[in-house]
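Dumping the structure here so I can ask a few things about it.
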Amino acid sequence: MKIGQHTFDFEHQGYIMGILNVTPDSFSDGGQWVQQDQALAHVEAMIAEGCDILDIGGESTRPGHQQISVAEECARILPIIEAVKARFDLPISVDCYRAETARAAIDAGCDMINDIWGLKYDEAMAGLIAETGVAYCLMHNDEAPRYESYPQAVWDDISRQVDRALAAGCRRDQLILDPGIGFAKTRPQDAQAVHHLDDLAALGYPVLLGTSRKRLLGSIVDQPAQERDLATAATTVYGYLKGARIFRVHNVKVNKEALAVAMALEDDGHGLS
């Protein structure tokens, strides 16, 4: 699969997506990277640690977050997209769910849209993705955790949104699926979604797993958000073995190393000298 000019072998490898929140209020790193020089220094550090894809977010999606205007969201993200594109050679994903923001981000040079509403928020999104040909991560989300059969209801809902994307003209090789850990799910349901990731991977699309520093991990290790990176790495290893191939994380170094070990062991050591 291609994201921008970069080719990804999701059949045989896993990849690390580094998070860059240019927001004042994200749950674990709000306010740290709002200044462009700080953001670019952080991107450079993540690349040195092995970041494969950069995910830029201009609006916090933590529980209870306040929606901002498209204009404010674009004012936060567009200068960063342009600056990163000018300085670094890695694919850029933008975490947004409104087609107007997505179009502006694509025009500024982003290669992928990471949509926490998976086509449910903005009817124009599917057509935009089909028109532009960028990669698209379709995440599961809902207004509330209401399911008759779990986690099958989540997989079925994702399948319906995939069908919508394809009907709008999107190609299969543009699509990535995300179970939506921490969105419209209780913590036991989050755990079940991770446990059954192989069922989502069986749909035939690359799977993105985003557990980094989330409440699910806090309920297991009883640590504040900033101290959940080792717990996150455990889910990266487990997720890889269950079929996930992209891991959206705050701490690139810890997760890159954990993923490298998981891939080497799963490959029976054939790539080792």
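Only helical DSSP H runs with n ≥ 4 go in: add -39500 (n - 2.57) per run for the chain, normalise by residue count and round the 222 nm mean residue ellipticity to 500 deg cm²/dmol.
Value at 222 nm, helices only, nearest 500: -13000 deg cm²/dmol.
Along its three principal axes, how long is the stretch 143-273 when you only count alpha carbons? Whole Å, largest extent first please.
45, 37, 22
Is there a quick way to get the dipole size of the chain? I mean about its Cα centre, with the Cβ of Lys and Arg at +1 and of Asp and Glu at -1; what is the value in debye to the nearest 20?
The calculated dipole for the chain is roughly 240 debye.
Also: Cross-link partners among aspartates and glutamates for K256, C-alpha distance below 14 Å, same-chain residues fewer than 8 apart left out?
E49, D52, D229
Across 10 Å bins from the origin, how do the percents of Cα pairs in the stretch 178-246 run, short distances first?
Taking every Cα pair in the stretch 178-246, the percentages come to 23, 55, 20, 2.
Another question, then. From Cα pairs below 8 angstrom and at least 6 apart in sequence, can you work out the relative contact order of the chain, rounded to a whole percent?
Rounded, it is 19 percent for the chain.
Roll a 1.4 Å probe over the protein chains and send me the accessible area per residue for the stretch 93-141 in Å².
Accessible area per residue: 28 Å².
Say the cut-off is 27 Å between C-alpha atoms; which of K85/K214; K214/K253; K85/K242; K120/K253; K85/K120 go over it? Provide the component values of the computation, followed by the final result.
Numbers: K85/K214 29 Å; K214/K253 18 Å; K85/K242 33 Å; K120/K253 34 Å; K85/K120 29 Å.
Where the Cα-Cα span goes over 27 Å, the pairs concerned are K85/K214; K85/K242; K120/K253; K85/K120.
Another question, then. Based on the alpha-carbon gyration tensor of the chain, what equivalent-ellipsoid semi-axes (square roots of 5 times the eigenvalues) come out, in whole Å, largest first?
In descending order, the three semi-axes are 24, 23, 20 Å.
Give the Cα extents of the stretch 74-162 along the principal axes, in whole Å, largest first.
Result, largest extent first: 48, 22, 21 Å.
Could I ask something else about it? Give the carbon-plus-sulfur fraction of the accessible surface of the chain in %, rounded to a whole number; probe 1.4 Å, heavy atoms of protein chains only.
Numbers: 5740 of 11810 Å².
Within the chain, the accessible surface is 49 percent carbon and sulfur.
Scanning the chain for helices, which whole DSSP H stretches are 15 Å or more long along the axis (Cα) and average -0.5 or more by Kyte-Doolittle? It would help to have the intermediate numbers written out before the result.
Working: long enough: 36-48 (18 Å, 0.34); 70-87 (25 Å, 0.58); 152-167 (22 Å, -0.38); 229-241 (18 Å, 0.66); 252-266 (21 Å, 0.73).
Membrane-span-like by this rule: 36-48, 70-87, 152-167, 229-241, 252-266.
Have a look at the DSSP beta bridges in the chain and tell me what percent are antiparallel, nearest 5.
Of all bridge pairs located within the chain, approximately 5 percent are antiparallel.
In percent, what relative contact order does the stretch 104-219 have, based on Cα pairs under 8 Å that are 6 or more apart in sequence? Before the final figure, lay out each step's value.
Numbers: 161 pairs, mean separation 30.3, N = 116.
It comes to 26 percent, rounded to a whole number.
Can you give the local net charge around A83? Use residues other than it whose beta-carbon is closer than 14 angstrom to its beta-carbon, Lys and Arg +1, Asp and Glu -1. Please list the in-between numbers first.
On the way: positive: R76, K85, R87; negative: D37, E44, E82, D89.
Its environment carries a net charge of -1.
Now a separate question. At 1.4 Å probe size, with every protein chain present, just tell me what the per residue accessible area of the stretch 221-273 comes to in Å².
Here the per-residue accessible area is 53 Å².
Of Q223, H195, S212, which is farthest on the positive side of the dipole of the stretch 181-224, counting Cα position, with +1 on Lys and Arg Cβ, -1 on Asp and Glu Cβ, and the Cα centre as origin?
The residue sitting most towards the positive pole is Q223.
The values are calculated or read from the model by the stated rules, or taken from the named source; none is laboratory data. Model, not experiment: these values are computed from the prediction. A quick note on method: Cβ atoms are made from the backbone with ideal geometry, for glycine too, and the neighbour counts reach across all protein chains shown. Surface accessibility is based on the protein's heavy atoms, side chains included, excluding ligands, DNA and RNA. Shrake-Rupley method; radii C 1.70, N 1.55, O 1.52, S 1.80 Å.
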